[in-house]
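Beneath this line is the structure, given in structure tokens, with notes to follow.
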Amino acid sequence: MAEFKLSGLSCAHCAQEMEMQMRKLKHGEDAKIMYNSGKMVISDKMAMADVEKILQQEGVAASPMAGGHEDHDHNHDHGDTSLIVQIAISTILFFVAMLTDKYLPTWGTFSIYFVAAALSGYQTFFKGLKNLFRLKFNIDTLMTVALVGAFIIGDWGEGTVVAILFGVNEYLEGFGMRQARKSMAALLKVVPKTANLLKDGVTSEVPIDQLRLGDTVLIRAGDKVPSDATIVDGRSSVNEAAITGESMPVEKQVGDALFGGSVNNEGTLKAEITAIYADSSLAKILHLVEEAQETKTPTELFIDKFARYYTPIIMLFAVLVTIVPPLLFGGAWSHWVYEGLAVLIIGCPCALILSSPVAIVSGITRSAKNGVLIKGGVFLEQLAKTKQIAFDKTGTLTEGKPVVAKEITYDDANFFQISGMMEQSSSHPIAKAIMDHIGDTKLAEMEQLTTVGGKGLGGTFEGKQYFLGNEQQIPEASWTEQARADVAQLKQDGYTVVITASENTILGMFGIQDALRKESKQLVQQLHHEGITNIIMLTGDHEKTAEKVAKEIGIDNYYAGLLPEDKLTKIQQLHDQNGNIAMVGDGINDSPALATADLGIAMGKGTDSAIEVADIVLMQDHLGKLPLTVKIAKKVRFVVGFNIAFALGLKILALLLALTGYLTLWMAIMADMGATIIVTIFGLSILFRTKAEKELQ
């Protein structure tokens, strides 16, 4: 398959028609015209001359995309400028004709109106004329008939207004998608073009597509990381906003991973390439975002189907409006021919077709700027409708690493010292949590230290024996009633208990728990505020731990003691009981549940598994952007609904005016243009990010 960038593509309805024509060509059954992103994908076996002939009918030009990536620096505004100049001259001529009507002969007034109409409407006229001969009825055909009809019946002024306003309408229709595409192009500007390849001590600048696995690259301060890599020399802070949406720089040192497209803030780094650009996280993200723009929602599919029947129905309605009143009710032919021409103008389905794609592309692009990858408009629509979200606990609502949350001390002088001496050489996560809690303290070494499987540690220091671990590791002689009661209470409160004791006394105990993410409590509150009525936690932990976490952050329902397969079953049950459900996990061990849910949301920090498994990926390693994403999805859904209702409402109102004989040509074109303006403005309004949103960490 070959990819082409299209310039001059400003009409969604025309894009559909060109695609249908191309699919009738030899080898054209898989041809695609992607209106949202301004691209064309065709078989490389197709005759390019035939393809270009179809494109030229709509004034569209195609240019090949080298390596699947276009240069976004091209400026296609010259076509827009030409159209604006033509419309401006036509408008001036229209007012000249209107103001000098009394002083000029009829042929003079007619000539000025004709030139004004021709300047704005000649392209539409020629396309419409061709369509008439082919018995193809689209918006160009309708406008041509209306324009010619207006001049034939002597309404030159109104015919000229139709031509001018239709020119404005075409410009506005293209403007909405151009702005949305520009916003997408801004995302793609993060793609690095070249890399400083380091070979045998010599640095050379090469295109990124020439990099190979294992190559070493030099990344100076201010440079973009050319592709996914691992630091082999140097340390610096790196801006990963292009991948994760986080504006705060991340400190990096030898051994740390770098994302392609991130920016080195300071110092010089040497890094080994771990993925060629085409396989890098950035390339996958940008490819998925571009694909997402073309994934049609059920609403869009319905609109497309409706639009196919709408224009022929309007043509039939216009004929009936023209002939029924004069034939059956004695109406004046001139008046009802005029009304029939006005009905033709409102047969344009453009505003209706634009109702959804501008809003959806804006929503996907805005989310991508926030570090949230949505794989298609269908998932954006699904998120807006979802009322219940299930969260995996470990690593999602919690940090996935233990911390000391509580301590009980019986021997202030020795508890921390002995605990630290026993744990300082261990790499166990609980040992690290205890050492983090104790802090940086110079500690002596245990003379003897042994590990007792499933229980804990034993050691000797200055002739005394010490123990650290669970209840089974502690000698019976060390226990007191108070200590047993304290252990029971800690366990009752959902803590994992680690006890430190000597041969005859307990020095103290730690209550260990999985650290809650600092944003979890606020997250639940914000999701409730956004209309999520059932927030669920799924965990393999025991009941008391789950209850404690759920109560602390405000979870509506929780289910404990679940194995991975149990989570999958629970998701299915919740769907059957309450309808659509989204599942949030880390994208690796939650894969079955993410796949089973109606909507899978993964926290990925750019990992391949997260990108592949989920429908929506939070590229940060936290949940802070999820409520905002829900808000954007709901706004997109509202805007799409409003746009459809508004576009149809204006047309229905115009049709009712036609039935009563009060619809004028300029009212019809204003109804169509007004709808296009409103749906475009509303769709583009989704792109605007608030200052608070940009600063959200």
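Filter segment 569-591 down to residues that are modelled with pLDDT under 85 and surrounded by 17 or more Cβ atoms within 10 Å (Cβ to Cβ), then give me how many there are.
5
Of the numbered conditions (1) assigned to a helix (DSSP H, G or I); (2) touching a strand residue (DSSP E or B) at 6+ places or on another chain (Cβ under 9 Å); (3) at pLDDT 75 or above; (4) buried (at least 24 other Cβ atoms within 10 Å of the Cβ), Val630 satisfies every one except a single condition; which is it?
It fails just one condition, (4).
Is it true that some residue in segment 526-534 is part of a strand (DSSP E or B) and touching an Asp or Glu at 6+ places or on another chain (Cβ under 8 Å)?
yes
Looking only at segment 408-415, decide whether some residue is part of a loop (DSSP other than H, G, I, E, B), within 30 Å of Thr505 (Cα to Cα) and hydrophobic (A, V, I, L, M, F, W, C).
The answer is yes, given that some residue of segment 408-415 is part of a loop (DSSP other than H, G, I, E, B), within 30 Å of Thr505 (Cα to Cα) and hydrophobic (A, V, I, L, M, F, W, C).
Can you tell me which condition Glu70 does not meet? The list is (1) touching a strand residue (DSSP E or B) at 6+ places or on another chain (Cβ under 7 Å); (2) at pLDDT 85 or above, and all the others hold.
Going through (1) touching a strand residue (DSSP E or B) at 6+ places or on another chain (Cβ under 7 Å); (2) at pLDDT 85 or above one by one, Glu70 breaks only (2).
Within segment 360-375, can you find the residues that are under 8 Å from the mean Cα position of the chain (by Cα), crowded, with 24+ Cβ neighbours inside 10 Å and outside any helix (DSSP H, G or I)?
The answer is Leu373, Ile374.
Would segment 499-509 turn up any residue that is under 23 Å from Ile438 (Cβ atoms), surrounded by fewer than 20 Cβ atoms within 10 Å (Cβ to Cβ), hydroxyl-bearing (Ser, Thr, Tyr) and modelled with pLDDT under 90?
Scanning segment 499-509 turns up no residue that is under 23 Å from Ile438 (Cβ atoms), surrounded by fewer than 20 Cβ atoms within 10 Å (Cβ to Cβ), hydroxyl-bearing (Ser, Thr, Tyr) and modelled with pLDDT under 90.
Please determine, by comparing only the residues of segment 263-291 that are in contact with a helix residue (DSSP H, G or I) (Cβ under 6 Å, 6 or more places away or on another chain) and either of a type in the set (Phe, Trp, Tyr) or at pLDDT 75 or above (or both), which one is surrounded by the most Cβ atoms within 10 Å (Cβ to Cβ).
Tyr277
Search segment 637-651 for residues being without any contact (Cβ under 8 Å) to a residue 12 or more places away in the chain and closer than 13 Å to Thr676 by Cα, and hand back the single one that is nearest to the chain's Cα centre (by Cα).
Taking the candidates together, the pick is Ala645.
The values are calculated or read from the model by the stated rules, or taken from the named source; none is laboratory data. Because the structure is a prediction, the values reported are computed rather than measured. Glycine also receives a Cβ, built like all others from the backbone with ideal geometry; neighbour counts cover every protein chain displayed.
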